[in-house]
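Note sheet for the following structure.
Read the figures in this text as sums done on the coordinates, not as results from a lab. From a predicted model like this one, the values you see are computed outputs, not experimental measurements.
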Amino acid sequence: MTYTQAEIQELFIKFNRLSRYEDRIRLYDQHFNILPFTLPAFETNLYNFFSDKNLEQFDAILCQERRSSIDLKKSFLFDKEQYTFSIKPLNSNYSTINTYFIERFLHTREYLFAHHQEDENNDAEQLLLAAKEMVAVLENKITHDLRRNALTQYATVFFRGLSDFNTWKVPTVTTRRKKIIELYMYAVGFLYGEYMHALQYYQSKKDADNLPVGIEEKLLLLQEFGFIDAIRNRFPFLNKADLDRKIAEIIYRITGEKISSFFGVTKRG
């Protein structure tokens, strides 16, 4: 985005009036984009997410961070007058900026669950089984591969985020300065925990909806749709006691459940 001098002057005054570091970070990100690179999109398919192509991109980002040590600073020069917006953290600000990055990455959940909600409702059990299998395969790989390769490096941070979600349900933020790619991997692991938790919820909800209907509900449905009245009309010659037994017998043959006249369904109007 291109800014005029007047716009930068106004923004610079606003920026310097902010006393809280986190407010300055938010304003900086809103206008200048705090991320100096593009990160691979989060996928629920971990095989795709940790593909060789993505691992190469993660490595390239890590090299860029190590080599150039991201400035987190933006400068503008107008008529020999310079305006500098800097959010470079001091030691006391590391936890604040780490928290901001993690929360920013966790906003992916809005897209994630909107995109997958229909599938989760329909196939939650299969998706959950697939997710658990992918987590197990990935964990087995990094557990038994003692080399410090790219997959081990990034997946270890991913599992730290997954573990924190399963344990605490809130991210754990370190006070030490972390690379952006590390914070992203941690957030992705935390997101995956949320994803699996959502699948468990959808599955349990679906199971509850599919519970067998109780005999009381069955009788009410039979009565509502005129089934009981149809039996009465079919056997008008039976007395009350015999009609009760006949209705109970027919319901038993249909539902496999024995009833008595306790329910009052054979009561004549």
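Annotations for the structure displayed:
- Cross-link pairs beyond the 21 Å C-alpha cut-off, checked among Lys14/Lys178; Lys14/Lys179; Lys74/Lys179; Lys132/Lys169; Lys53/Lys141; Lys53/Lys88: Lys14/Lys178; Lys14/Lys179; Lys53/Lys88
- The Cα center of segment 26-85 and the Cα center of segment 128-143 differ in position by 29 Å.
- Its relative contact order, with pairs defined as Cα atoms under 8 Å and 6+ residues apart, puts segment 5-209 at 25 percent.
- For segment 5-209, the percent of C-alpha pairs falling in each 5 Å distance bin, counted from 0 to the bin holding the largest distance, reads 1, 6, 13, 16, 16, 14, 11, 8, 6, 4, 2, 1, 0, 0.
- Cross-link reach list, lysines versus Lys218, counting only Cα pairs under 21 Å and skipping chain neighbours closer than eight places: Lys206, Lys246, Lys258, Lys267
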